[in-house]
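The values are calculated or read from the model by the stated rules, or taken from the named source; none is laboratory data. Note that the structure is predicted; figures quoted are calculated from it, not measured. Virtual Cβ from ideal backbone geometry, glycine too; neighbours counted across all protein chains shown. Surface areas here come from the heavy atoms of the whole protein model, side chains and all, with no ligands, DNA or RNA. Shrake-Rupley method; radii C 1.70, N 1.55, O 1.52, S 1.80 Å.
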Amino acid sequence: MTASTGGGDVAPEAWSGVHRGPLRAGEWVRLTDSKGRRHNICLEPGKRFFSNRGHFDHDELIGREEGFTVSSSAGGEYLVFRPLLSEFVVSMPRGAAVVYPKDAAQIVAMADIFPGAHVVEAGVGSGALTCSLLRAVGPHGRVSSYERREEFADVARQNVTQFFDGDHPAWRLSIGDLAEALPREEEPVDRVILDMLAPWDCLEATAGALRPGGIVCAYVATTTQLSRFVETTRAHGGFTEPAVWESLVRDWHVEGLAVRPGHKMIGHTAFLVTARRMAPGERPPMKKRRPAPGAYGPDYTGPRPPDLPPQVLEEELDS
């Protein structure tokens, strides 16, 4: 049975960043050679693609359904597909480091980003996570991105506009400090994503902006950042117990009886932390499990949970 190629293009009002049907002039395509090397090109009539394996004309691609192989003048073969979002974000121009697809997927799922949500993003980077957030909230949602550095914002704006082929109606990008700008949001927000150096500095503003049941999600690279943010969230008292994790992705080599882990993997990129906003004046139940011995001992100088068991404090004094 042959798969149908009909159905027409994706409706423009969906703002998916995806197209169906024959390749058209002005579209971006991804070329992959026999060694796995990749090239992203924008199709232009009359233009020619060159590599160390020869050349071919863009006109040979325009008008064909994606998913074919094209041969260059020197015998090189290239697979031709439209790029997936996960492929686009790892190859797009960068101002700041990008949020990898494995982490963006975790944020969308574990922070429960839903169609119609109002999501605030602090630290737009190069726009990688922004693309995933916009796809998740849809044209009827809203993503408000804040970036301190204008040069990063310019790169992100270019990347996001390229992927969606226009100015997404749900996106608002502002230059400024989230801690100062968030209190000025007109309505409570559903989710706040903190991808920044010191996310704990924005926690109070985040608590004030999030509606009850809303989620804050922090993306932090180091264990010291992780500890500071988690303990600040606990000390605040207006959030549930933070959940902390990281994701590691390992590929596998599969050829007949040779089935083994691949030699490459995407290891640690960042830690993810989520917590839910309590209703005003409400606090989560006190944890009954005692902290590990020495966890909040005399050498610890960071924020302390407000419900630290009395026996822990007594042990600290005795030591």
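See the values below:
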item	result
Flag if residue 265 is assigned to a loop (DSSP other than H, G, I, E, B) and either touching a residue at least 40 places away in the same chain (Cβ under 8 Å) or of a type in the set (A, V, I, L, M, F, W, C) (or both)	no
Test: residue in the stretch 74-93 that is under 20 Å from residue 267 (Cβ atoms), touching a Ser or Thr at 6+ places or on another chain (Cβ under 7 Å) and either at pLDDT 95 or above or surrounded by fewer than 21 Cβ atoms within 10 Å (Cβ to Cβ) (or both)	no
Elements of type strands (runs of 3 or more DSSP E) in the stretch 142-225, at least 1 residues being touching a residue at least 12 places away in the same chain (Cβ under 8 Å) and within 18 Å of residue 277 (Cα to Cα)	189-194, 210-220
Single unsatisfied condition, residue 40 versus (1) modelled with pLDDT of 95 or more; (2) within 30 Å of residue 137 (Cα to Cα)	(1)
Positions within the stretch 25-37 being surrounded by 12 or more Cβ atoms within 10 Å (Cβ to Cβ) and free of Cβ contacts under 8 Å to residues at least 40 places away in the same chain, in sequence order	25, 37
Where residue 104 falls short, out of the listed (1) under 21 Å from the mean Cα position of the chain (by Cα); (2) at pLDDT below 95; (3) buried (at least 16 other Cβ atoms within 10 Å of the Cβ)	(2)
Check on residue 10, within 27 Å of residue 156 (Cα to Cα) and among the β-branched types (Val, Ile, Thr)	yes
Any hit, the stretch 285-301, residues being touching a residue at least 60 places away in the same chain (Cβ under 8 Å) and outside any strand (DSSP E or B)	no
Residues being within 19 Å of residue 273 (Cα to Cα) and open to solvent by less than 10 Å² (accessible area, probe 1.4 Å) - total across the stretch 112-124	5
Count of the stretch 235-262 residues which are without any contact (Cβ under 8 Å) to a residue 12 or more places away in the chain and assigned to a loop (DSSP other than H, G, I, E, B)	2
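Okay, residues lined up against (1) surrounded by fewer than 15 Cβ atoms within 10 Å (Cβ to Cβ); (2) modelled with pLDDT of 95 or more; (3) under 30 Å from residue 302 (Cβ atoms); (4) aliphatic (A, V, I, L, M):
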| site | (1), (2), (3), (4) |
| --- | --- |
| 152 | no, no, yes, no |
| 168 | no, yes, no, no |
| 172 | yes, yes, no, no |
| 177 | no, no, yes, no |
| 181 | no, no, yes, yes |
| 190 | no, yes, yes, no |
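For every residue, the table says whether it meets (1) over 20 Å from the mean Cα position of the chain (by Cα); (2) open to solvent by less than 60 Å² (accessible area, probe 1.4 Å); (3) at positive phi.
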residue	(1), (2), (3)
248	no, no, no
252	yes, no, no
258	yes, yes, no
266	no, no, no
269	no, yes, no
274	no, yes, no
279	yes, yes, no
289	yes, no, no
300	yes, yes, no
